[in-house]
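Take a look at the structure below.
What follows draws every value from the coordinates through simple rules; no lab data is involved. Treat the numbers as computed from the prediction; the structure is a model and nothing was measured. FYI the Cβ positions are ideal-geometry reconstructions off the backbone, even for glycines, and counts take in every protein chain you see.
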Amino acid sequence: MNLKPLLEPKTMAVIGVSATNERHPANVIFDKNHHRYPVQVFAVNPKGGQLHDETLYARISDLPQKIDLAVIAARAEFVPDVFTQCIKAGVKSAAVVSGGFTEGGRKDLQDKIVAMAREADFPFIGPNCLGIFSPLHVDTFFLPIERMIKPNYGSVAFISQSGGILVDQMIKFSQQGVGMSKAISIGNKAFVKEIDLLRYLMTDRTTKVIAFYVEGFAEGEGRDFVLAAEGAPKPVIIMKSGKSEAGHRAVSSHTASMAGDYASFKAAIAQHNILEAANEHELVSFCEVLSVYQHSIGGRIGIITASGGHGAMAVDACVAEKMSVPELSQEIQDDMKAAVSESVQTIASFGNPVDLTGSATDDDFVACAKVMGASDEIDCIVFLLLPYIPGITLDIGVRLSQVCRQYKKPFIAYAPHVEKYNMMIDGFELNGIPASSSIEGAVLMAKALTRK
Amino acid sequence: MLNKEIKSILEKSKKWGWVLEPDAKRIFSLAGFQTPKFAVAKKAEEAIEAARKIGYPVVVKIVSPEIIHKSDVKGVVIGIKDDERLVAVLERFRKLPGFAGMLIDEMASGVELIIGAKNDVQFGPMMLLGFGGVGVEIYKDVSLRMAPLSNAHVEGMMKELKAYPLLTGYRGAKPVNISAIQKTLIRFSKLMMDMKDYFESVDLNPVMCSDKSCTIVDARIMLKK
């Protein structure tokens, strides 16, 4: 299945663009791509005519170019006919935005277009989906461009069974400074399924992390998916919904009762090295950290903080996530003590967490980061930054990132995410240190790195 | 691993929706698992002869296509030491619905484990290992993996159990034979892969694991509808 024309089309036809209704989803899709994306886009309407100064082509076969992707927003009962035209005209792929298939009681229509697509080797995404947001190529979402929050271009691909969750998640990625390479809504996933996108994205050079929102897999599909994901050269993350068992089913064996749908799901994905994000917060944290660091680490966490309370909270979170915060050897402690400023030497504690106190400066953080970075007693360092203490400056992120590069040990930061501190946070994130808006988030990031 | 006899047992059991215990044990015995010496009897003299041959004490269980949960009808009696008690229990069993015989088992000892399988819609055969017995659903100390299993999977499953120390010789007890558990689970996962068109779920509960071996004391195979 060649998905390149679908995900990175050079030419696109939008079927069903209206000459009169500018709010029609097809018009929104046409407009945004016409104005904002490199894809060459054509509007199709069986009645022909003009939309402003653009030609509305009456038939797909009238289009002046070979089409990589047809975006179909026509009513469900017309879609088989549109498919016939597309296939005949040599269109390479489609995104069926329209609803009204299996989810609306018309399984027959869905089966029909799947059979056509299979016969003609015509990959399509959907139906009942938003389609593809591919930042440097195309955006088939029928959401007006001024309403969307678009994350930066980056290396996280997110594939979702729900369009709503996808768009929401883009907002959250954006807030957290996580860049995306692809956002794909697969809706009813009648033809192109998670496993097809997984296979494509495994070799996609712009994607470093592949994340999914999954409601469920069809019969046997889960097995194929986890087996494929296990061999992926990049981290795969799943966020699942539908975890609660529906009602009380009569279960006649202990095993069937204890190996419920979600229990089996959880076990099967963990067994195949797929990271499960329990919620949106975990999803964003995992995506952010794994887009920066792909190598797995041991679970010994070093904590450097300017507040004892923050350190204690972080220790609790680490232990709850089955990681350790080992006491550092006397030698390391002495080295750190010797390296920090005199005023901090006598009041700081160096056991781990390293608490540099409210008197700490950038230099103290950097000095301790160097000693801990060089030590083999720690696998990852979590910095708990309090931007409001006087000795900390906006430069701390970039300075720590230089230490991080030198020692090749993952650094993770926590800093409260408010507008006032944005430049400091950017100093971390833009220089390759993930920064979480909560202590637990920073610890979850470390946890994601301990995956095998 | 499915030979002709296993297939024919599975086929004939479809009408009940599950495999009766003696048949289920026969399947596991044919597939190379250790099961207790057992016999099925309907009449007193048959029962006495079988029990003496197996050797007292014995465990007896009701065989009835109408009774899936034997404990609920007091259909399992352990530690029967003589003919008199054996016949008394048989008389009571005869009055239970669907009586098709009394299963007489050799007594096995060891740590009670549950080994199970569920034919999951999304992931196919899933394997379960846990601490067994009647309290299994109260403690829920179990771990799950997708079949087929490797040695590493089984090791992970055992270590995931909260009561894992009970396997390695807790407070001076003899450690159970870990490699017997591994072999049993791996063989079981292969059998379940081969049986995936037939079964819905399987409970081997308990599997008695001692320092020497693992014995399947009770087996329940629920078939696909």
(request) Indicate, rounded to the nearest 5 percent, the antiparallel portion of the DSSP beta bridges found entirely in chain A. (result) 15 percent
(request) Select from region B:40-125 those trypsin sites (Lys or Arg not before Pro) which occupy a DSSP coil region and have at most 14 other Cβ atoms within 10 Å, ordered by residue number. (result) B:K42, B:K43, B:K74, B:K81, B:K95
(request) Give the distance, in whole Å, between the Cα centre of region B:169-198 and the Cα centre of region A:74-149. (result) 48 Å
(request) Please work out the C-alpha center-to-center distance from region A:296-352 to region A:388-444 and express it in whole Å. (result) 17 Å
(message) Within chain A, which is the longest segment that contains none of the GluC sites (Glu not before Pro) sitting in a DSSP loop with at most 15 other Cβ atoms within 10 Å?
(response) A:23-214
(message) Output the 0 to 90 degree angle, nearest 10, between the alpha-carbon long axis of helix B:21-30 and the longest principal axis computed from the alpha carbons of chain B.
(response) 50 degrees
(message) Return the equivalent ellipsoid semi-axes of region B:38-106 as a descending list in whole Å, where each equals the square root of 5 times an eigenvalue of the C-alpha gyration tensor.
(response) 18, 12, 10
(request) With an 8 Å cut-off on Cα pairs and a minimum separation of 6 or more residues, tell me the relative contact order of region B:38-106 in percent. (result) 51 percent
(message) Going by amide H atoms built from the backbone, whose H comes under 5 Å of the H on A:S18, apart from near neighbours?
(response) A:N27
(request) Return the percentage of antiparallel bridges among DSSP beta bridges fully within region A:296-449, rounded to the nearest 5 %. (result) 5 percent
(request) Give me A:R106, A:R223 ranked fewest to most by other Cβ atoms within 10 Å of their Cβ, as a rough exposure proxy. (result) A:R106, A:R223
(request) Determine the sum of side-chain charges near A:A435: Lys and Arg each +1, Asp and Glu each -1, restricted to other residues whose C-beta is under 11 angstrom from that of A:A435. (result) -3
(message) Once you order the gyration tensor axes a ≥ b ≥ c over the Cα atoms, which shape class does chain A get: rounded for a/c under 1.5, otherwise prolate or oblate by comparing a/b with b/c?
(response) prolate
(request) Compute the relative contact order of chain A as a whole-number percentage, counting only Cα pairs closer than 8 Å that sit 6 or more residues apart in sequence. (result) 10 percent
(message) Please list, by residue number, every one of the trypsin sites (Lys or Arg not before Pro) in region A:129-218 that is coil in DSSP and has at most 15 other beta-carbon atoms within 10 Å.
(response) A:R205
(request) Can you tell me the dipole magnitude for chain B around its Cα centre, using point charges on the Cβ only (Lys, Arg +1; Asp, Glu -1), in Debye to the nearest 20? (result) 220 debye
(request) Could you please report the charge total around A:N352, scoring K, R as +1 and D, E as -1 over all other residues with beta-carbon less than 11 angstrom from its beta-carbon? (result) -2
